[in-house]
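S.K.: This is the structure I want to talk about, given as structure tokens.
Bear in mind these aren't lab numbers, they're just calculated from the coordinates by the rules spelled out. Owing to the predicted nature of the structure, the values given are computational and were not obtained by experimental measurement. With ideal geometry, Cβ positions are generated from the backbone for all residues, glycine too; neighbour counts draw on all protein chains shown.
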Amino acid sequence: MKVLAIETSCDETAIAILEAHENNLKLLANIVSSQINKHKKFGGVVPEIASRYHTKNINYVLDKALLKSKTKLSELDAICVTSGPGLIGALLVGVSFAKALAYSLNIPLVEVHHIAGHIAANYLTHKNLKPPFISLVVSGGHSHIIQVSDYTSFKVLAKTRDDAVGEAFDKVARQIGLDYPGGPNLSKLAKKGKATYKLPTTRFEDSLDFSFSGIKTSVINLIHKEGEKLNKANLCKSFEENVTNVLLEHSKEILVMKGQKEFTLAGGVSANITLRKKALKMGKENDINVYLPDKKYTTDNAAMIAVAGYYNFINHKNICDLTLNAKASINI
Ligand code: KG4
Ligand code: ZN
């Protein structure tokens, strides 16, 4: 069967077409139109601008996906779409477009949770990966450790109580004058530095939840205190070391506690090279199989939504009628 997926939850207008049979997944097209350059001058995503560019770009992205995959609309079996969480106006463009396509083609409409999509990116990279496993989902909006029991069942085991880790990367980067999106730029500068600055970590007594607002505030205070003396590369390295250690320490404790031996990374921050290296090391030291998503599927894309949507569809989950609405926040 062939499914088409749409992702517009933030600043990427993305459409993918997937051909799938049981667990054989063949990606026929994966078109991502990024708006990063439109938002850069504002230092972050401006929701209203994001919605407008999704509206402007989505027909073009669809045409490109159909052309690339040599697929006719009449060959599609289902339309999958990210319905949340994300920027409400941005999501609405994708959801409305998906509803119109499904209605006009008279085929099922399948809603996909954005995080389920990030997790499903791993199935594209690792053909042998099957649930159950534990996933560390780290992006601009999420820092979750999730038990993936099967293709459509998820349980949150730990999450951030304030900022997401990607948000912390972006905010720290902005404070030291790096362009949006700060994460990759901060990581680049960190390669030239040493972890000389001591930064705090937050640990709750009663859970393995995360908190990144404390480290963000400490970094801002440090920037003001150091002034001209600040070594930006060392600060980037210190920050990156600190947060990646915390993410993997909590993940390891949960893996050991649950006796789970399969671990995946997911989400935009899983492109981070330090996090990837440390995850592999943690796996080696603790006899845990670590699966890293291909870098091109870490940040927002529709290929991951197509995979998650396909599994929803064949498991008769999240099939919607035309009352489907976008949701800015929604539990997985
Ligand atoms: O998954 P994603 O594209 O969008 C959300 O669902 O939020 O993640 C975007 C986030 C941004 O905060 C960005 O700075 C971060 O992922 N990111 C990185 C790297 N690449 C992207 N953070 C650290 N290191 C990277 N290499
Ligand atoms: Zn995302």
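S.K.: With the cut-off at 15 Å, report for segment 165-238 the share of all Cα pairs above it, as a whole percent.
M.R.: Result: 54 percent of Cα pairs exceed 15 Å.
S.K.: What is the Cα centroid distance between segment 267-317 and segment 57-106, reported in whole angstrom?
M.R.: So the two Cα centres are separated by 23 Å.
S.K.: If packing is taken as the mean number of other Cβ atoms within 10 Å per residue, what is the order of 58-69, 181-192, 281-292, highest first?
M.R.: The densest-packed peptide leads the list: 181-192, 58-69, 281-292.
S.K.: Now for a different question. Gaussian network model of the chain, Cα springs within a sub-10 Å range: biggest mean-square fluctuation belongs to which of Phe239, Phe169, Phe97?
M.R.: Phe97
S.K.: With axes computed from alpha carbons, what is the tilt in degrees of helix 232-258 against the longest principal axis of the chain, rounded to the nearest 10 within 0 to 90?
M.R.: The answer is roughly 70 degrees.
S.K.: Which residues does the label zone of Glu226 cover in segment 154-183, counting backbone N under 15 Å from a point 7 Å along Cα→Cβ?
M.R.: Once the point is set 7 Å along Cα→Cβ of Glu226, 172-178 turn out to lie under 15 Å by backbone N, inside segment 154-183.
S.K.: Same structure, new question: Using the beta-carbon distance between Glu205 and Ala100 and R0 = 45 Å, what value does 1/(1 + (r/R0)^6) give for FRET efficiency, to the nearest 0.05?
M.R.: Between Glu205 and Ala100 the formula returns 0.35.
S.K.: How high is the relative contact order of the chain, given as a whole-number percent (alpha carbon pairs under 8 Å, six or more residues apart)?
M.R.: With pairs under 8 Å counted, the relative contact order is 25 percent.
S.K.: Rank Ile115, Met257, Ile49 by how far each Cα sits towards the positive end of the charge dipole of the chain (+1 on Lys, Arg Cβ; -1 on Asp, Glu Cβ) and give me just the farthest.
M.R.: The listed residue farthest towards the positive side: Ile49.
S.K.: Rank by packing, highest mean first: peptides 141-149, 17-25, 34-42, with packing defined as the count of other Cβ atoms within 10 Å averaged across residues.
M.R.: With the highest mean Cβ count within 10 Å placed first, the list reads 141-149, 17-25, 34-42.
S.K.: Give me the dipole magnitude in Debye, nearest 20, for segment 124-176 about the Cα centre, with unit charges on the beta carbon: positive for Lys and Arg, negative for Asp and Glu.
M.R.: 160
S.K.: For the Cα atoms of the chain, what angle does the longest principal axis make with the long axis of helix 88-105, in degrees from 0 to 90, nearest 10?
M.R.: It is inclined by approximately 20 degrees.
S.K.: Moving to a separate point now. Given a Förster radius of 30 Å and the C-beta distance between Glu22 and Lys192 as r, what FRET efficiency does 1/(1 + (r/R0)^6) yield to the nearest 0.05?
M.R.: Using R0 = 30 Å, I get an efficiency of 0.05.
S.K.: Now a separate question. Just grab the label-to-label distance for Glu75 and Glu249, each label 7 Å out from Cα along the Cβ direction, in nm (one decimal).
M.R.: Here the answer is 5.2 nm between the modelled labels.
S.K.: Compute the length gained on full extension between Lys127 and Ile330: take 0.36 nm times their separation in residues and subtract their Cα-Cα distance, giving the result in nm to one decimal.
M.R.: The Lys127-Ile330 span can extend by a further 70.2 nm.
S.K.: Still on this structure, I have one more. Per residue, what volume in Å³ does the convex hull of the Cα atoms of the chain enclose?
M.R.: Spelled out: Cα convex hull of the chain, divided by residues, is 125 Å³.
S.K.: Given Ile6, Thr323, Ser33, which one lies farthest toward the positive end of the charge dipole of the chain, if we put +1 on the Cβ of every Lys and Arg and -1 on the Cβ of every Asp and Glu?
M.R.: Ser33
S.K.: Hey, got the dipole for the chain? About the Cα centre, +1 on K and R Cβ, -1 on D and E Cβ, debye to the nearest 20?
M.R.: 1040
S.K.: Name all residues of segment 226-268 having a backbone nitrogen under 19 Å from the label point set 7 Å from the Cα of Lys317 along its Cα→Cβ direction, giving them as ranges.
M.R.: Label zone hits: 262-267.
S.K.: While we're looking at this one, here's another question. Quick one: putting +1 on the C-beta of Lys and Arg, -1 on the C-beta of Asp and Glu, what dipole do you get for segment 1-115 around its Cα centre, in Debye to the nearest 20?
M.R.: Dipole size: approximately 460 debye.
S.K.: Right, here's the next one. Estimate the FRET efficiency between Leu67 and Lys41 by the formula 1/(1 + (r/R0)^6), using the beta-carbon distance for r and 51 Å for R0, to the nearest 0.05.
M.R.: Rounded to the nearest 0.05, the efficiency is 0.95.
S.K.: Which residue, chosen from Ser153, Val81, Asn59, occupies the Cα position most advanced towards the positive end of the dipole of the chain, where the dipole is computed from +1 (Lys, Arg) and -1 (Asp, Glu) charges on Cβ about the Cα centre?
M.R.: Asn59
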